[in-house]
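One structure is given here, and the rest of the page talks about it.
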Amino acid sequence: MVASPKPVDIAEKDSILNLLDHEFIVIACGGGGVPVIRDEYGDYQSVSAVIDKDFASAKLAELVDADYLFILTAVDRVAINYGKPDQRDLTEITVDEAEKMCQEGHFAPGSMLPKVEAAMKFAGSKMGRRAVIASLEKAPLAMVGESGTLIHM
């Protein structure tokens, strides 16, 4: 078993911000990444762990002061009672509602739970921020509010 710590910073944030300032499209944090620490000499040293891609993406979105975070996955919407006859797809929920659903165990730990938690962390980090969890296939629809699950304060 490999540890999965939550990111506290993005080592490449200055380079990413520079690219964004120069209007480049940046793809980063997609695989989560290998966590690093600074040793006594100030050099980076890797740590035997893997950063969760959803939390890394949420942290990067915070650091670049994004208004929206889109987490794209295999399903169109977050659902409670997933795969059961009484499954209910969620189109819009608040951070508080999502927290309650997490505590009630509605989301699978290795699947939807980290996505919902990362979305909650981002949406709750600053007033006006919103996170959307949607399918890659319907990403264009999610970007105009016609698909996905919106999470906000």
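The values are calculated or read from the model by the stated rules, or taken from the named source; none is laboratory data. All figures in this text were calculated on a predicted structure; none of them were measured in a lab. Virtual Cβ from ideal backbone geometry, glycine too; neighbours counted across all protein chains shown. For accessibility, only protein heavy atoms count, side chains too; no ligands or nucleic acids. Shrake-Rupley method; radii C 1.70, N 1.55, O 1.52, S 1.80 Å.
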Could you provide, to the nearest whole Å², the per residue accessible area of the chain with probe 1.4 Å? 62
Set LYS13/LYS126; LYS13/LYS138; LYS6/LYS126; LYS53/LYS100, cut-off 25 Å on Cα-Cα distance; pairs above it are LYS13/LYS138
Could the peptides 75-87, 36-48 be put in order, highest first, of the mean number of other beta-carbon atoms found within 10 Å of their residues? 75-87, 36-48
Over the C-alpha atoms of the chain, what are the Rg and the largest Cα-to-Cα span, Dmax, in Å? 16.4, 58
Dipole magnitude of segment 1-77 about its Cα centre (Cβ charges: Lys, Arg +1; Asp, Glu -1), debye to nearest 20: 340
For segment 69-142, what is one quarter of the convex hull surface built on the Cα atoms, given in nm²? 4.9
Could you tell me the calculated FRET efficiency between ASP21 and SER111, based on Cβ-Cβ distance and R0 = 25 angstrom, to the nearest 0.05? 0.10
So the carbon and sulfur contribution to the accessible area of the chain, 1.4 Å probe, in percent, is 53
FRET efficiency for LYS84 and MET153 from the Cβ-Cβ distance with R0 = 30 Å, rounded to 0.05, comes out at 0.55
DSSP beta bridges in segment 31-153: the antiparallel percent, rounded to 5, is 50
Give, to the nearest whole percent, the P(r) tail of segment 11-94 beyond 14 angstrom, counting all Cα pairs. 74
Full-extension gain in nm, GLU40 to THR94, via 0.36 nm per residue minus C-alpha separation: 15.2 nm
